[in-house]
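What follows is calculated from the coordinates using simple rules that are stated; it is not laboratory data. A quick note: this is a predicted structure, and the numbers were derived from the prediction, not measured. Virtual Cβ from ideal backbone geometry, glycine too; neighbours counted across all protein chains shown.
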Amino acid sequence: MNPHFRRTGRNRRPLSGVLVAATLLAGGATATTGAASAAPAITPAAPKASTLGAQAAQSGRYFGTAVAAGKLSNGVYAGILDREFNSVTAENEMKWDATERSRGSFTFGPADQIVNRALGRGQRVRGHTLVWHSQLPGWVSGIGDAGTLRSVMRNHITTLMSRYRGKIHSWDVVNEAFADGGSGQLRSSVFRNVLGTGFVEEAFRAARSADPSAKLCYNDYSIENWSDAKTQGVYRLVRDFKARGVPIDCVGFQAHFGTGGPPGSFQTTLANFAALGVDVQITELDIAQAPAAAYTNSVRACMNVARCTGITVWGIRDSDSWRVGQNPLLFDNNGNKKAAYRAALTAMGGTP
Ligand code: G3I
């Protein structure tokens, strides 16, 4: 039993939603014709690398992982991190409950540790996450006045992005704002309920001002299947932003998959979003029991879309995963490479 499941019901919902979606999609999803951005990503002459980050770099991509500051002193963990990955995402350390526990009082120690360590080793950093209804301190979720919440949200975005200005390649500006199920609408949250649906746009505009050098991403789970209402809701939001000039540069597909791996339409989904004029990224990949074929399909979907700029797995060893007991990652508890690792590397054109 994942201890996180016992503590927070919130964690259970997206995963089970993903598993249901994966089951439903096992027979193949409806897919519209893929769009323009599919392109061969590996030149025939490119040398084969033997690590994930090096091979991803052959096509100008990154291959990253979520990291926890408290594990960086573990030799096995750090050894794999530095050998295999060229991008990192703080698993929890940049979230609101970790950085601004009380209003206007910011804590950056663990996030700084992750950022400085990565940059010192030539690894890139994704920022995760600025505006999210979960892992949100009670003092924020209790705000009922729009003026106060607007000011608090802007100050949070500006303070975090200013601290890491120029150091973060992509920020998850808004995370998981869409509802599960068939509505295709924003979920209920303090942000939507107090500020209205325009809070997403407000957050992205504040983010562009705070760090014009960072790519600004919308990030969510269960948006990998093209025909799903949630996917379509996010697509409409991004299309609307691009049409009106609201700043947005990328969409993150978390990709928490069940044993069946990605839906058959995943590449089409990536391509269709990319055709709107944004980059797409796989941001939190993990797959129950890590079947090699499911990893192959996930990685191939990204490699086949020119604007899919990188893949992040959500942890290093199975024992580091939030999905305890599901062994969803590329390395086993002892840090040994799994079949899924070889599948991911091979799917990028590398050689194990
Ligand atoms: O920070 C406290 C610590 O003070 C305390 O000692 C400890 C006791 O066990 O708990 C710590 O908080 C936990 C935190 O992870 C740090 O370990 C929380 O209880 C726990 O709920 C939290 O879980 C994280 C979860 O997000 C929270 O929603 C997972 O590690 C993290 O992998 C997961 O990541 C999310 C992405 O951010 C967004 N997408 C979904 C993904 C999986 O849920």
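Counting charges near Thr107 (Lys, Arg +1; Asp, Glu -1) among other residues having Cβ under 14 Å from its Cβ returns a value of 0. By the gyration tensor of its Cα atoms, with a ≥ b ≥ c the square roots of the eigenvalues, what is the shape of the chain: rounded for a/c under 1.5, prolate for a/b over b/c, or oblate? Note, shape of the chain comes out rounded. In this rough spin-label picture, where each label sits 7 Å from Cα along the Cβ direction, the Asp240-Asn334 distance is 5.3 nm. Straightening the chain between Asn155 and Ser105 buys 16.9 nm, computed as 0.36 nm per residue apart minus the Cα-Cα spacing.
A cysteine counts as unpartnered when no other cysteine's C-beta lies under 4.7 Å of its own; in the chain this applies to none of them. Helix screen, the chain: DSSP H segments with Cα axial length of 20 Å or more and mean Kyte-Doolittle hydropathy at least -1.0 are 9-24, 146-163, 229-244.
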